[in-house]
1. Within region 53-134, considering only strands (runs of 3 or more DSSP E) that don't extend past its boundaries, which have at least 1 residues that are of a type in the set (S, T, N, Q), crowded, with 16+ Cβ neighbours inside 10 Å and touching a Ser or Thr at 6+ places or on another chain (Cβ under 9 Å)?
2. Being of a type outside the set (A, V, I, L, M) and at pLDDT 90 or above is true for just one of Gly72, Gly6, Gly91. Which residue is that?
3. Which pairs do you get when a residue that is in contact (Cβ under 8 Å) with a residue 12 or more places away in the chain and at negative phi, found in region 80-104, comes within reach of a residue that is charged (D, E, K, R) and part of a strand (DSSP E or B), reach meaning Cβ atoms under 7 angstrom, with the pair 6+ apart or on two chains?
Amino acid sequence: MADVLGWIAVGLAAVALVVAVLAWRTARSPRRRRGTPIPAELEAVRDEVEALRDDAAEALRHLAVVRYDAFGDMGGHLSWSMAVLDDEGNGMVLTSIHGRSDTRSYAKSITHWSCTQQLSPEETEAIGYARGRR
């Protein structure tokens, strides 16, 4: 009886191995053969994905904030500069400088990672962080 169960187990293992190999080969094989034309619907989806990629490149998605003390007699890092840029480095730097009696805000336009106006070290640092540089 034990010999029969052993042979049944070996047979089931062999069948399982064959099924696993077939499933693996099926999963690895491409769904579309080379030279087969792409359906029009798939071509439309491909065009839409390209349009979305172009839109994403123009999105303001590079963001960095640098907090600091603008004046030596004040603490708490209440002043800040924030860079908001797209993939090409176009966007803006917003700065808020907190003083004892007032707060001032500034906005500077950024084109291709640089600005025509003078940038503070903190604004330059924020642009660097947004670009991925430190």
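The values are calculated or read from the model by the stated rules, or taken from the named source; none is laboratory data. It should be emphasised that the depicted structure is a prediction, and the values quoted were computed from it without experimental measurement. We place every Cβ from the backbone using ideal geometry, glycine too, and count neighbours over all the protein chains shown.
1. 79-85, 91-98
2. None of the others qualify; the one that does is Gly91.
3. Listed by first residue and then by second, the contacts come to Trp80/Arg67; Met92/Lys108; Val93/Lys108; Ile97/Arg104.
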